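Colleague: Mind having a look at this structure? Questions to follow.
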Amino acid sequence: MSDNKSSVKWRISILAIFAILAVVGFLLSIMMGSVSIPAQEVLDSLMGNATGTHEKILNSIRLPRTVVGALVGMNLALSGAILQAVMKNPLADPHIIGISSGAGIAGIMVMLIFPGYEMFVTPVAFVGAMLAAVCIYILAWKNGIRPVRIILAGVAVSAFLGAGISGMMIFNSDKIHNALMWMVGGLSARSWPHVAMIWPYSLGGGILALLAARHINILQLGDEVAKGLGVRVELTRIVLTAIAALLAASAVSVVGLLGFVGLIVPHAARLIVGSDYRFLLPASALLGIGVVTICDTVARVAFAPVELPVGILMAAFGAPFFLFLLRREL
Amino acid sequence: MSIEAKNLSVAINDKVILEGINASIPEGKITSVIGPNGAGKSTLLKAVAGINSNYGGQVIIDGIDLKKIKRKELARKLAVLPQGMQAPPDVTVEQLVDYGRFPYRSWFKKSNQIEDEEAVEWAMSETNVSHLRHRQVMSLSGGERQRAWIAMALAQKPEILILDEPTTYLDIAHQLEVMEIVKRLNENWGITVVMVLHELNQAVKYSDYLVVVKDKGIYTAGAPDTVMNETFLKEVFGVRAEVFSNDRGEQILTPVEVLR
């Protein structure tokens with residue numbers, strides 16, 4: 001296994017498998033739902049030469065929702081993969097830099113206290129997420145950044161904001177439904193405007209992350225070794241954390257507090273392709289796309305006509321899988 | 001390449017560790033930094049190697065202020081191995097050594113692959129880890145692992161090699177192996193070596209020059225036979241020891257008792 005894992009051929013074939021998984025997940029998510037649409041029509045529609053109701057369903061409902069799901073999966077997985085290296089902690093994910101609690105409190109504030117302005121949930125949540133991340137970074141700063149201080153500051157700030165979230169929900173328990181859906185995270189009714197909100201971050205963040213892969217590899221050897229090899233460690237860490245924060249904030253502000261993708265997917269990818277970030281980053285991104293699109297398809301189809309928020313399904317599968325990983329590794 | 005510290009002072013969390021250090025480390029020689037625990041040996045090494053740039057005074061490398069040298073440029077001249085290195089569990093020896101080529105790579109320019117490969121092969125053969133290339137670094141024995149890390153530093157093609165306690169935690173055979181590698185690198189390739197050592201007999205045997213750190217400053221510096229004597233051991237380490245020469249003319253010291 002060990003020799004296999006480090007051979008380039010093995011890692012490229014895994015990438016290919018993950019890519020196929022992503023494409024399959026994407027297509028399944030478009031085809032399946034309350035109305036099944038045959039593959040031929042999906043292809044016709046994607047080519048732009050189809051008409052009729054199926055075409056309408058595809059273009060205005062299924063396709064944008066699937067694209068949002070794919071981008072969210074990719075962003076959260078990339079964000080988690082970056083943070084695990086930057087924080088030198090296998091448990092690091094977008095939560096620990098405050099993205100979830102920041103987006104959570106901002107989004108819920110809009111929903112519960114300014115219920116007429118729900119169209120602003122996404123931008124406000126994005127701002128909230130970034131503010132929380134900056135706040136944690138500043139609180140953790142003392143002659144430079146130690147990952148442990150970020151993690152502890154993150155826990156404290158998240159607990160603080162969590163109190164605010166709970167408080168608001170208790171005082172507004174009559175209109176709590178949307179807030180609950182938001183806390184769990186789901187793709188229901190996500191459409192083209194959401195795609196527009198998220199794709200620039202996916203593109204920019206994805207490219208920057210891949211460009212930084214070699215730096216991330218070196219960072220994994222520890223701060224002192226990395227400095228000795230010519231990496232500007234503090235600067236690299238700030239830039240990478242910012243990229244991770246933008247990736248996660250854009251995802252979370254659109255779909256709510258989707259848990260576990262950012263933690264589980266990079267972990268699973270690491271177990272399979274190893275810790276070389278030139279392979280791990282694309283592997284995480286592809287696996288993230290596959291996992292979210294497939295989970296969302298199941299969430300829509302399995303309990304039809306009831307639709308589960310994808311967040312519930314992923315946490316329900318993610319938690320046991322995570323425990324399995326923990327037992328294997330430790 | 002020469003290294004010089006001018007009026008160097010380092011404080012960590014407001015606690016002064018080193019104060020007013022003036023030292024020059026001879027070019028093309030092996031220099032060992034010795035002294036009691038907590039005297040600031042590692043701190044001195046980190047400042048000189050550019051790992052900790054939070055210091056007062058100046059470090060001059062080849063006539064240039066260390067702070068004016070770009071990190072990557074420095075990494076092509078000077079390689080440093082701190083203590084307690086860790087790699088992700090699946091990194092192989094070859095991958096690790098290849099990381100030593102990082103300072104030669106950039107986003108804008110493709111690095112010379114042949115040069116990279118040659119440097120990696122050279123580094124692995126100098127440290128005798130070529131046969132371990134596909135093994136995972138963390139699965140190696142302590143001595144093999146230390147050699148793999150030295151190979152990574154060598155792949156940087158440095159003119160100066162800085163090692164912080166390269167033999168600590170190794171058994172006597174592996175200690176000797178590491179010291180012999182260091183000696184060969186110095187003799188065959190003219191690499192200037194600076195290292196922190198705890199084992200005084202090793203320091204005497206393998207060094208051309210000793211820098212003794214004590215009480216935030218430099219107690220003395222010079223060739224081993226001028227530095228090492230009974231008074232020195234008493235004043236710096238607080239031990240009574242006997243120093244004598246063996247048949248090969250090497251200085252040997254034997255500690256007798258702690259003087260407190």
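Readers should treat all values here as calculations from the given coordinates under stated rules, not as data from a laboratory. Bear in mind the structure is a predicted one, so any value in this text is a computation, not a measurement. Note that we place each Cβ from the backbone using ideal geometry, even for glycine, and neighbour counts take in every protein chain shown.
Colleague: Hand me the trypsin sites (Lys or Arg not before Pro) from segment B:108-157 located in a DSSP loop with no more than 16 other Cβ atoms within 10 Å, in residue order please.
Modeller: Counting only loop positions with at most 16 other Cβ atoms within 10 Å, the trypsin sites (Lys or Arg not before Pro) in segment B:108-157 are B:109, B:110.
Colleague: How many angstrom lie between the C-alpha centres of segment A:99-139 and segment A:43-65?
Modeller: 33 Å
Colleague: Just to be sure I understand: of the beta bridges DSSP finds with both ends in chain B, what percent are antiparallel, rounded to 5?
Modeller: Counting DSSP beta bridges with both partners in chain B, the antiparallel share is about 60 percent.
Colleague: Compare the Cα positions of A:191, A:148, A:167 along the charge dipole of chain A (+1 at Cβ of Lys, Arg; -1 at Cβ of Asp, Glu; about the Cα centre) and return the one farthest towards the positive end.
Modeller: My answer, from the dipole projection, is A:148.
Colleague: Ok, one more. What are the chymotrypsin sites (Phe, Trp or Tyr not before Pro) within segment A:139-248 that DSSP puts in a loop, where the Cβ has at most 13 other Cβ atoms within 10 Å?
Modeller: none
Colleague: Filter the trypsin sites (Lys or Arg not before Pro) in segment A:123-200 to those in DSSP coil with at most 11 other Cβ atoms within 10 Å of their Cβ, and list the result.
Modeller: A:142
Colleague: Before anything else, pin down the relative contact order of segment B:3-228: Cα pairs under 8 Å, at least 6 apart, normalised by residue count, whole percent.
Modeller: 29 percent
Colleague: Please arrange A:219, B:44 by counting, for each residue, the other beta carbons lying within 10 Å of its beta carbon, fewest first.
Modeller: Exposure proxy ranking, most exposed first: A:219, B:44.
Colleague: Given Cα pairs under 8 Å that are at least 6 residues apart, what percent is the relative contact order of chain A?
Modeller: Contact order relative to length: 33 percent.
Colleague: Please compute the average number of Cβ atoms from other chains found within 10 Å of each residue's Cβ in peptide B:80-90.
Modeller: Per-residue shielding by partner chains comes out at 5.
Colleague: Cut-off is 10 Å between beta-carbons; in what order do A:295, A:135 appear when sorted fewest neighbours first?
Modeller: So the residues, fewest neighbours to most, are A:135, A:295.
Colleague: Can you tell me the dipole magnitude for segment B:165-260 around its Cα centre, using point charges on the Cβ only (Lys, Arg +1; Asp, Glu -1), in Debye to the nearest 20?
Modeller: Charge dipole, segment B:165-260, about its Cα centre: 260 debye, nearest 20.
Colleague: Just counting partner chain Cβ atoms within 10 Å, what average do the residues of peptide A:7-16 show around their Cβ?
Modeller: Shielding by partners across A:7-16 averages 0.
Colleague: Net charge near residue B:58: determine it from the other residues with C-beta under 12 Å of the C-beta of residue B:58, scoring Lys and Arg +1 and Asp and Glu -1.
Modeller: With Lys, Arg at +1 and Asp, Glu at -1, the neighbours total +1.
Colleague: Listing B:104, B:169 from the residue with the fewest other Cβ atoms within 10 Å to the one with the most, what is the order?
Modeller: Ordered from fewest to most neighbouring Cβ atoms within 10 Å, B:104, B:169 come out as B:169, B:104.
Colleague: Moving on to the next point. Place the peptides B:63-74, A:10-21 in order of packing, highest mean first, counting for every residue the other Cβ atoms within 10 Å and averaging per peptide.
Modeller: A:10-21, B:63-74
Colleague: What dipole magnitude, in Debye to the nearest 20, does segment A:172-330 give about its Cα centre under +1 on Lys/Arg Cβ and -1 on Asp/Glu Cβ?
Modeller: The dipole magnitude comes to about 180 debye.
Colleague: Can you pull the mean other chain C-beta count within 10 Å for peptide A:215-221?
Modeller: Whole-number average of other-chain Cβ neighbours for A:215-221 is 4.
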